[in-house]
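The values are calculated or read from the model by the stated rules, or taken from the named source; none is laboratory data. A quick note: this is a predicted structure, and the numbers were derived from the prediction, not measured. Note that we place each Cβ from the backbone using ideal geometry, even for glycine, and neighbour counts take in every protein chain shown.
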């Protein structure tokens, strides 16, 4: 599977995402990268069957300007509706509260997080996207989510002293697929063996398996 990754924002360096996805290359996955949103075009995105959004609504790590215009939102909706897939990882849900088309496509967005703390990631036993993944606890940003689409299929929750949140879900849009995973501010979370399994399962589901 070959995916396009959009990453790099004010709070989330691309290096974390690169280091977090790198082990999956041994499983047959490969990735191309866009770190400056000015390099994104609908035509370039259309070359891939899956796009990974791990980028808050900043143009780049050094340019805070918002990049998610109504036209870009529509392009993402059309991309998925026509049969492609979108995998949203951690910061890919952040800064998009006021982008209604993309927000509806994702099924929910980041609202806030407390100070970093131990967060327990709990895959839902028996769910195909949780297969092979065990619960684990790691220091992370515990994302508090606006979970808009209650019909989305939640396969993972996150829990801390601040409560429980939906941490992973899937939904369909037209002929395409959308998957959300909210953990991952720190690379140590990405490299947890169970989280690697969740990422592999999510990418496989996005590919239609």
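Some points to look at:
- From 178, 189, residue being surrounded by 15 or more Cβ atoms within 10 Å (Cβ to Cβ), modelled with pLDDT of 95 or more, over 24 Å from residue 68 (Cβ atoms) and touching a strand residue (DSSP E or B) at 6+ places or on another chain (Cβ under 6 Å): 189
- Of all the residues in the range 16-34, those that are surrounded by fewer than 19 Cβ atoms within 10 Å (Cβ to Cβ) and either over 16 Å from residue 190 (Cα atoms) or without any contact (Cβ under 8 Å) to a residue 40 or more places away in the chain (or both) number 8.
- Residue count for the range 81-113, restricted to those that are in contact with a helix residue (DSSP H, G or I) (Cβ under 7 Å, 6 or more places away or on another chain), farther than 16 Å from residue 55 by Cα and surrounded by fewer than 21 Cβ atoms within 10 Å (Cβ to Cβ): 1.
- Verdict on residue 51 being farther than 24 Å from residue 15 by Cα and touching a helix residue (DSSP H, G or I) at 6+ places or on another chain (Cβ under 7 Å): no
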